[in-house]
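Engineer: There's a structure below that I have some questions on.
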Amino acid sequence: MIELTSVTKRYRDFIAVHELNLRVTPGEIVGIIGHNGAGKSTTLKMIAGLIAPTSGTIRALGRDIQKESVRVKKQIGFLPEDSPLYENMTARQYLTFFSELYTMPREQTRARIDTLLDSLKLPEQDKLTGEFSKGMKRKVAIARALLHDPQLLILDEPNSGLDPLTSFFIINYLKTLKQAGKTILLSAHNLFHVEYVCDRVAIIKAGRLVVYDTMDAIRANLGKREYQIIFKADQPLDFERHEDNYIFRTHAIGAIADVLEMISDNDWALVDLSVQESALEEIYVKLMSA
Ligand code: ATP
C-alpha cells in the first residue's frame, strides 16, 4: 500500500528525514511517533504527494507518488496538522464546496456528505463552522479528507488539542474506517491513543527511523513484562507485604509456577495473579533518553 525506499528530505543544509524505509500493508493503521521536529509531518506530506523527497522513492497504492501524482492523490485523503476551515460556511456548505472542487457527482455527493455528517456526529443545521468547538472543527476537517472516499488516509495529529472524549471518538472512528477496509497512517503525540489504535508503530528520532514494528513485537523486544502474585499465608514470609497480603513480583515466568505450587502446598489463599506490560510511553521514553 505504501512503500518508502531510502527517502531523504533536506531543507537547504538541514536533513529533516534521513534514508527512511517504511512499508505499510493494506488495511493497517500505522502510527508515526517522535519528538517535536522529528520529521513526522515532513514524512506524511511526502507520502501525500504535497512535497517532494530530495532523494529516494515513494510508492503508494502501487504507483510512484511523484510520477503518477494525480492518479494516486485521488485515492488519498490527507488531514494536515493545521486545517483552517472557511468559517462563514456550515459544515454541509463547506463539504459541498470541496465536492464541487473535486467535481464529484452531485447526487452521490449529497448522500456521502449525509453519511459523513451523521457518522462523525456533526450538526448539519445552520451553525457556521466558525462557531464550532475545536473538536467539531477537527471532525469537519476529517470529513473533508474522507469526502472522496479514499483508500488511504493520512492524518497529521488528528487529535491535537482535543478533549479525551472527542479524541476517543475520533480514534474509535478510525477503527471503524479500518474495518471498512481503509489503510490509515497517522502521527500523534498521545502514545496511549497510538497504542490503542495502531497495528504497527514507527518511532522517528531526528529524522531517522529507530523502530518499526507491531505493538506486540515492540512490547516483547523493548518492553518489560512483570508478573505479580498476591496471596495470603498463615506464617511470616520473606516476601513484600501489603496489609494482610504478600506480593511476589517477577519478570521470569518460570518463577511463577514455584510460587503457585508453594501457595497450593500450604493451602494458602491466592488473591490475584496478574501480568503488567510496559506501555508504549514507557518504552518510548526509554528509547529517546538512550
Ligand atoms: P511536530 O511534532 O512539532 O509537528 P514533526 O515531527 O512533524 O514535528 P516536521 O514538521 O516534519 O516535524 O519538521 C522536521 C524538521 O524539519 C524540523 O526541524 C522543522 O523545523 C524542519 N522543517 C519543516 N519544514 C521546513 C521547511 N519548509 N523549511 C525548513 N525547515 C523545515
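The values are calculated or read from the model by the stated rules, or taken from the named source; none is laboratory data. Nothing here was measured: the structure is a model prediction, and the numbers come from that model. Cβ coordinates were reconstructed from backbone atoms using ideal geometry, including for glycine residues, and neighbour counts include every protein chain displayed. With ligands, DNA and RNA removed, areas are computed over all heavy atoms of the protein, side chains included. Shrake-Rupley method; radii C 1.70, N 1.55, O 1.52, S 1.80 Å.
Engineer: Got at least one residue in region 169-177 being surrounded by 15 or more Cβ atoms within 10 Å (Cβ to Cβ), part of a loop (DSSP other than H, G, I, E, B), of a type outside the set (S, T, N, Q) and away from the ligand (no atom under 16 Å from the Cβ)?
Structural biologist: There is no residue in region 169-177 that is surrounded by 15 or more Cβ atoms within 10 Å (Cβ to Cβ), part of a loop (DSSP other than H, G, I, E, B), of a type outside the set (S, T, N, Q) and away from the ligand (no atom under 16 Å from the Cβ).
Engineer: Specify the residue that is nearest to the chain's Cα centre (by Cα); the eligible residues are those in region 1-45 that are surrounded by 22 or more Cβ atoms within 10 Å (Cβ to Cβ) and assigned to a loop (DSSP other than H, G, I, E, B).
Structural biologist: In this case the residue turns out to be Gly34.
Engineer: Here is a further query. Inside region 152-168, can you point out the residues that are away from the ligand (no atom under 16 Å from the Cβ) and surrounded by fewer than 17 Cβ atoms within 10 Å (Cβ to Cβ)?
Structural biologist: Asp163, Pro164, Leu165, Phe168 - these are the residues of region 152-168 that are away from the ligand (no atom under 16 Å from the Cβ) and surrounded by fewer than 17 Cβ atoms within 10 Å (Cβ to Cβ).
Engineer: Next up: Here is a check on your reading of the model: is His251 of a type outside the set (Gly, Ala, Ser), surrounded by fewer than 12 Cβ atoms within 10 Å (Cβ to Cβ), within 36 Å of the chain's Cα centre (by Cα) and at pLDDT below 95?
Structural biologist: Yes; evaluated as a whole, the condition is true for this residue.
Engineer: Mind listing just one residue for me: the one in region 178-192 that is under 23 Å from Gly161 (Cβ atoms) and touching a residue at least 60 places away in the same chain (Cβ under 8 Å) and, of those, surrounded by the most Cβ atoms within 10 Å (Cβ to Cβ)?
Structural biologist: Leu185
Engineer: Scan region 110-132 and report the pairs whose first residue is more than 24 Å from Lys175 (Cα to Cα) and whose second residue is among the aromatic types (Phe, Trp, Tyr) and in a helix (DSSP H, G or I), with Cβ atoms within less than 8 Å and a gap of 6+ or a chain change.
Structural biologist: So the pair list comes out as Thr129/Tyr94.
Engineer: State which residue is farthest from the chain's Cα centre (by Cα) when the search covers only region 57-75 and only residues that are in contact (Cβ under 8 Å) with a residue 24 or more places away in the chain and open to solvent by less than 40 Å² (accessible area, probe 1.4 Å).
Structural biologist: Ile58
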